[in-house]
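The values are calculated or read from the model by the stated rules, or taken from the named source; none is laboratory data. A quick note: this is a predicted structure, and the numbers were derived from the prediction, not measured. Cβ coordinates were reconstructed from backbone atoms using ideal geometry, including for glycine residues, and neighbour counts include every protein chain displayed. Side chains included, ligands, DNA and RNA excluded: accessible areas come from the protein's heavy atoms. Shrake-Rupley method; radii C 1.70, N 1.55, O 1.52, S 1.80 Å.
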Amino acid sequence: ESLISIEDETFAYCTKLRKVTIKSKKLEKIGNHAFHNTVKLTNINLPDSVSIIGQYAFSGCGIEFIRIPDKIKIIQSHAFFECASLQSVENMQNITEIEELAFYNCYALKHIDIQNVIDVEHHAFCHCKKLEKIDLHYVKHIGEYAFYDASLSEDSYIPSLANIGKEAFGNNPNIKRY
């Protein structure tokens, strides 16, 4: 119950790991690649004490749902890269930045609330084929290919947008107005 950090690559390639229960209320950090390619890991509950989720921390995992702890401000690069079973990401109200390729190839992702995000970097949601609706009200910067090949169809108004990258919404044939 006194665990402070899960260091880099701690459970990387533990291909039979199915569930992780964290009882520590002091855990602050999930290191880079900590759960990389734990393909059978479908469930993990992160305590609110976590303030850092490292690069590639959950890439290639089998998780279907994750609740982001309140102290997290940035979803780091590749954090959930190729989590093909990930359907829902909850508690994103404190997130201000989503780094490159953070949710790349999360094919099953249907629900994520990024209404307070300011920066969405390149390829962040590329190939999120089930993502149909997203609130971009406060976004100022959208990187290239950020939502490429998603299924966005809702009309959206982005009053704060300062710049938008190449093909940011490319291959979303159901978009009617932005």
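Within the range 161-173, which residues are without any contact (Cβ under 8 Å) to a residue 40 or more places away in the chain and either within 16 Å of LYS130 (Cα to Cα) or in a loop (DSSP other than H, G, I, E, B) (or both)?
Residues satisfying the conditions are LEU161, ALA162, LYS166, GLU167, ALA168, PHE169, GLY170, ASN171, ASN172, PRO173.
Would the range 117-124 turn up any residue that is more than 22 Å from LYS166 (Cβ to Cβ) and surrounded by fewer than 22 Cβ atoms within 10 Å (Cβ to Cβ)?
No, the conditions are met nowhere in the range 117-124.
For the subset of the range 143-160 comprising residues that are among the acidic types (Asp, Glu) and closer than 18 Å to LYS176 by Cβ, which member is surrounded by the most Cβ atoms within 10 Å (Cβ to Cβ)?
Among residues in the range 143-160 that are among the acidic types (Asp, Glu) and closer than 18 Å to LYS176 by Cβ, the one surrounded by the most Cβ atoms within 10 Å (Cβ to Cβ) is ASP149.
Out of TYR104, TYR148, which single residue is in contact with a Cys (Cβ under 7 Å, 6 or more places away or on another chain) and closer than 18 Å to ALA57 by Cα?
TYR104
Filter the range 1-30 down to the residues that are among the aromatic types (Phe, Trp, Tyr) and closer than 23 Å to LYS71 by Cβ and list them by number.
Selection gives PHE11 alone.
Of everything in the range 52-71, what is open to solvent by 10 Å² or more (accessible area, probe 1.4 Å) and closer than 11 Å to GLU82 by Cα? Give them in sequence order.
Those that are open to solvent by 10 Å² or more (accessible area, probe 1.4 Å) and closer than 11 Å to GLU82 by Cα: TYR56, GLY60.
Sort out which residues of the range 7-24 are open to solvent by 70 Å² or more (accessible area, probe 1.4 Å) and not in a loop (DSSP other than H, G, I, E, B), and write them in order of number.
Passing the criteria: only LYS19.
Can you confirm whether ILE74 is within 10 Å of the chain's Cα centre (by Cα), under 30 Å from ARG18 (Cβ atoms) and open to solvent by 50 Å² or more (accessible area, probe 1.4 Å)?
yes
Within the range 87-100, can one find any residue that is farther than 24 Å from ALA162 by Cβ and of a type in the set (A, V, I, L, M, F, W, C)?
Checking the range 87-100: at least one residue is farther than 24 Å from ALA162 by Cβ and of a type in the set (A, V, I, L, M, F, W, C).
Go through ASN91, ASN163 for me and flag whichever is within 24 Å of HIS33 (Cα to Cα) and surrounded by fewer than 16 Cβ atoms within 10 Å (Cβ to Cβ).
The match here is ASN91.
For the range 133-142, which residues satisfy the criterion of being modelled with pLDDT of 90 or more and open to solvent by 20 Å² or more (accessible area, probe 1.4 Å)?
Result: TYR138, LYS140, HIS141.
Is one or more of the residues making up the range 25-35 open to solvent by 20 Å² or more (accessible area, probe 1.4 Å) and either hydrophobic (A, V, I, L, M, F, W, C) or within 25 Å of LYS130 (Cα to Cα) (or both)?
No, every residue in the range 25-35 fails to be open to solvent by 20 Å² or more (accessible area, probe 1.4 Å) and either hydrophobic (A, V, I, L, M, F, W, C) or within 25 Å of LYS130 (Cα to Cα) (or both).
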